[in-house]
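First up is the structure itself, then whatever we jot down about it.
The values are calculated or read from the model by the stated rules, or taken from the named source; none is laboratory data. Given the structure is predicted, the values throughout are model-derived calculations rather than measurements. All Cβ positions, glycine included, derive from the backbone under ideal geometry; neighbour counts span all protein chains shown.
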Amino acid sequence: MRPILTIGEMREADAIAQSRVPVEILVERAGTAVASAALRLLGGAYGRRVVVVAGKGSNGADGRVAAARLSRRGARVAVIEATAAPRRIGAAGGDAGRVPGHGGVDLVIDAAYGTGFRGIYDAPEVPPGVPVIAVDIPSGVNGDTGEASGTPLRADVTVTFVAMKPGLLQGDGVMLAGRVEVADIGIDPGAGSSQLMEDADVRMMLPARSRDAHKWRSAVAVVAGSPGMTGAAALCVDGAYRAGAGMVRLGMPGTSGEGLPDGGAVGVGLPAQGWAGQALEMAERCRAVVVGPGLGRGLGLGDDLRRLVAMSPVPVVVDADALVALGDLDGIASSIRAGAARGLPNYAVVVTPHDGEAARLSGSLPGPDRISAARSLARATGAVVLLKGPTTAVATPQGDVRVAVAGSPRLATAGTGDVLAGVVGAFMARGLPAFDAASLAAHVHGRAASRGLSEGLAAGDLARLVAGWLSAVRDG
């Protein structure tokens, strides 16, 4: 995992560093990192034409150092004050924004404003095809939320310092930042409260099966589906198996054990109402429970769900229709408090809302700051919250957050969330704590989808892609 530092956390890290290292040295290191990125992008400096748009603060200072470095390497560099920048860079009919002695530009370095900028910034236009490097963050993008004000430049590369920033991972910042490079300038980022998931985390954290493993050691109980709505249950079961569950027991309210979808799960008949007791018995030999996909909106569903969540002997994943049936944040929180009061050492609940479900639970959509939204939901419910979306944030009630950005528009199709719920359940059954299981599952889910078709990926394809990606990471 890589640290993610908010504006406030970055200021604290800066202040600690500046008590030991002169600020001029830190600025020199930052500007040198930007110049190095420019050299890589341009393939050299000699004769290249570079425009640096520099503000008055530390961001501008970094840009000026980069300009000096590139000039010494033979580049023709013009530094333009951000407040006096022309409407167009490299435009014909005047010298503003042009490199002295040349009529065009090969690179623009955006060093106007940094992560702490507040206000509206309308960047100068850049000629088509001219690459842009942003210093720390594209100017005009909020460092915490990723919201853009005015018309920022879209960068090809953003060189940020010390650690990733929330605004580069969510909101408008994701599209405006381009490829993000984190430069080490000798500042300790500290622990931070947020981390970015990476492939290496899967290799390090996901337990391998032992030589004496058997199917019950990683068994998952799934309570999902309803008469006429069996597809979601089948996808959830498949997701659990493909993520390493040794056994899946499937109970579908209102359906006998023989009427369940094919897919390898052991079917358990459950009545249409009053099924919680039998579902709890079904879970006794399992290591995790997943409840919700395709359950529908039947009468009395909330009562059974509250009992299941409160009385489960193992960790629970609450997804889809189960979130609706539990009502609101207080409904989830009261069930979790009842469960936690029993003092079981492994008791935990993961809830997996998408934006619409989060809005029904809390009364408002998450907004661009998904990290803060997930943290708020987790604190309100007492659950680990996996807030699904283009940037998926997984938060604990204590405020720790992990971010997964591996997802893509490929996942915007029905049923992919059912697969994800099964993956979370399987990872918990394999022995991972709830926070680890949910954050790893979010990353794996997105990375697996990236191996699928760019158009027409169906949820039924996704579980097999999960198994293939996990195998490649494990074997590689």
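Some observations on this one:
- Of all residues in the stretch 380-404, those being among the aliphatic types (A, V, I, L, M) and surrounded by fewer than 21 Cβ atoms within 10 Å (Cβ to Cβ) number 1.
- Residue within the stretch 423-442 that is more than 18 Å from A383 (Cα to Cα) and either without any contact (Cβ under 8 Å) to a residue 12 or more places away in the chain or under 16 Å from the mean Cα position of the chain (by Cα) (or both) present: no
- Residue-level analysis places V174 among those that are surrounded by fewer than 22 Cβ atoms within 10 Å (Cβ to Cβ) and either of a type in the set (S, T, Y) or in contact (Cβ under 8 Å) with a residue 12 or more places away in the chain (or both).
- The residue pairs whose first member lies in the stretch 64-79 and is without any contact (Cβ under 8 Å) to a residue 24 or more places away in the chain, whose second member is of a type in the set (A, V, I, L, M, F, W, C), and whose beta carbons are closer than 7 Å, counting only pairs six or more residues apart or on different chains, are S71/V77.
- Filtered residue count, the stretch 174-230, keeping only those that are farther than 30 Å from T145 by Cβ and in contact with an Asp or Glu (Cβ under 8 Å, 6 or more places away or on another chain): 1
- For T352, the criteria (1) in contact with a Pro (Cβ under 8 Å, 6 or more places away or on another chain); (2) under 21 Å from R402 (Cβ atoms); (3) at pLDDT 95 or above hold in every case but one, which is (1).
- Residue in the stretch 277-288 that is closer than 25 Å to A414 by Cα, under 31 Å from the mean Cα position of the chain (by Cα), in the same structural domain as K388 (by TED's automatic domain parsing) and at pLDDT 90 or above present: yes
- Restricting the stretch 98-137 to residues that are touching a Phe, Trp or Tyr at 6+ places or on another chain (Cβ under 9 Å) and in a loop (DSSP other than H, G, I, E, B), the residue that is modelled with the lowest pLDDT is G119.
- No other residue among L299, L323, L295 is assigned to a loop (DSSP other than H, G, I, E, B) and crowded, with 20+ Cβ neighbours inside 10 Å apart from L295.
- Test: residue in the stretch 394-415 that is assigned to a helix (DSSP H, G or I) and under 22 Å from Y241 (Cβ atoms): yes
- Checking G167 against (1) assigned by TED's automatic domain parsing to the domain that holds R87; (2) assigned to a strand (DSSP E or B), the condition it does not meet: (2)
- Within the set L420, L462, L386, the sole residue that is touching a residue at least 24 places away in the same chain (Cβ under 8 Å), assigned to a helix (DSSP H, G or I) and either touching a His at 6+ places or on another chain (Cβ under 7 Å) or within 25 Å of M164 (Cα to Cα) (or both) turns out to be L420.
- Scanning the stretch 246-275 for residues that are modelled with pLDDT of 90 or more and either in contact with a Cys (Cβ under 9 Å, 6 or more places away or on another chain) or crowded, with 23+ Cβ neighbours inside 10 Å (or both) yields M247, V248, R249, L250, G251, M252, P253, L270, W275.
- Selection count, the stretch 443-459, where residues are touching a residue at least 24 places away in the same chain (Cβ under 8 Å) and either assigned to a helix (DSSP H, G or I) or in contact with a strand residue (DSSP E or B) (Cβ under 8 Å, 6 or more places away or on another chain) (or both): 7
- Taken as a whole, the condition of being assigned by TED's automatic domain parsing to the domain that holds G389, modelled with pLDDT of 95 or more and either touching a Cys at 6+ places or on another chain (Cβ under 8 Å) or not basic (K, R) (or both) applies to A434.
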